[in-house]
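Structure first, commentary second.
The values are calculated or read from the model by the stated rules, or taken from the named source; none is laboratory data. All values reported here derive from a predicted model rather than from experimental measurement. When we count neighbours, we look across all protein chains shown, and the Cβ atoms used for this are built from the backbone with ideal geometry, even at glycine.
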Amino acid sequence: MFMTSFKSHEEYLGNKLGLPKTVVITNYISILLRSNFLRFMYNSCLITILSVILCTIASMFAAFAFSNYIFLFKNIVYIFILSLMSIPPIVMIVPLFIQMGRLKIIGNPFSAITIYIGLTIPFSFYLLTNFFKTVPFELKESALIDGCTDIQYFVRVILPLSRPAIATLTIVNGIWIWNELLVALVFLTKDTSRTLMSAIMLNMGRTQLNIPLITSGLVIASLPIIGLFLVFQKWFIRGLVEGAIKG
């Protein structure tokens, strides 16, 4: 993909797999100068960041409750939430579209954000619940003896210890939301609200198929995800192992 982005359309047709004979940067210039490209990038960043943050916050409070309290029907509710991971998003598209139509927010980024939060919460809840269960109970006892309330214990003890798990969720959910196409194509119907990946896919079908131009857009679209992984990589494997395997 990276090598192809530096080829001209004519060279790509005759040399699809080899190195570019002449490095061409006009593909990047063309894609960046397109009227809505920066808007698409902004939409993707907005939707991904808000979805990941809100999902993580909701999942952390739910996971904290399930790992620290005993209440009626706890196991049934836990199994029900986990079962939601087995439902493919495509079977929910029609009822979700009807509901979003009633709310009159089809084409609004918040319709996609709401759906992404709902789709990512079950896995996030599962991973965080298992991670919180690995925190020694003695830490909670010490915090309570020192006069901490449950909220203070959550903020001062659990949150600092949860950085590996939060990093894992940020990367996994961020990559999935950034690259997701089905929800973006169905619910973001306005050109001003489309994500970058959905806009690239639609551009492939509407215009002449210029592969080097498309790959240059995909290279640019990959940069935020690469940066996300580089920022959180030192916590990623640790969080994935502690949260999913120890639990």
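Yes or no, residue by residue, for (1) touching a strand residue (DSSP E or B) at 6+ places or on another chain (Cβ under 7 Å); (2) of a type in the set (S, T, N, Q); (3) at pLDDT 90 or above; (4) not in a helix (DSSP H, G or I):
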residue	(1), (2), (3), (4)
ILE98	no, no, yes, no
SER111	no, yes, yes, no
PHE131	no, no, no, no
VAL155	no, no, no, no
ILE158	no, no, no, no
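Collect the residues in the range 133-153 that are of a type in the set (Ser, Thr, Tyr) and either modelled with pLDDT under 85 or part of a loop (DSSP other than H, G, I, E, B) (or both), keeping them in residue-number order.
First, the residues of the range 133-153 that are of a type in the set (Ser, Thr, Tyr): 134, 142, 149, 153.
Residues satisfying the conditions are THR134, THR149.
Could you please let me know if GLY247 is at pLDDT 80 or above, over 30 Å from SER8 (Cα atoms) and among the small types (Gly, Ala, Ser)?
Numbers: at pLDDT 80 or above: no; over 30 Å from SER8 (Cα atoms): yes; among the small types (Gly, Ala, Ser): yes.
No.
Conditions tested, residue by residue: (1) in contact (Cβ under 8 Å) with a residue 24 or more places away in the chain; (2) within 22 Å of the chain's Cα centre (by Cα); (3) at negative phi.
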| position | (1), (2), (3) |
| --- | --- |
| LYS133 | yes, no, yes |
| LEU139 | no, no, yes |
| ALA143 | no, no, yes |
| ASP150 | yes, no, yes |
| TYR153 | no, no, yes |
| ALA165 | yes, yes, yes |
| THR170 | yes, yes, yes |
| ILE177 | yes, yes, yes |
| THR189 | yes, yes, yes |
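Taking the criterion of being part of a helix (DSSP H, G or I) and either buried (at least 23 other Cβ atoms within 10 Å of the Cβ) or charged (D, E, K, R) (or both), the residues of the range 188-197 that qualify are ASP191, LEU196. Evaluating SER86 against the criteria (1) closer than 22 Å to LYS190 by Cβ; (2) exposed (fewer than 11 other Cβ atoms within 10 Å of the Cβ); (3) within 19 Å of the chain's Cα centre (by Cα) leaves one unmet condition, (1).
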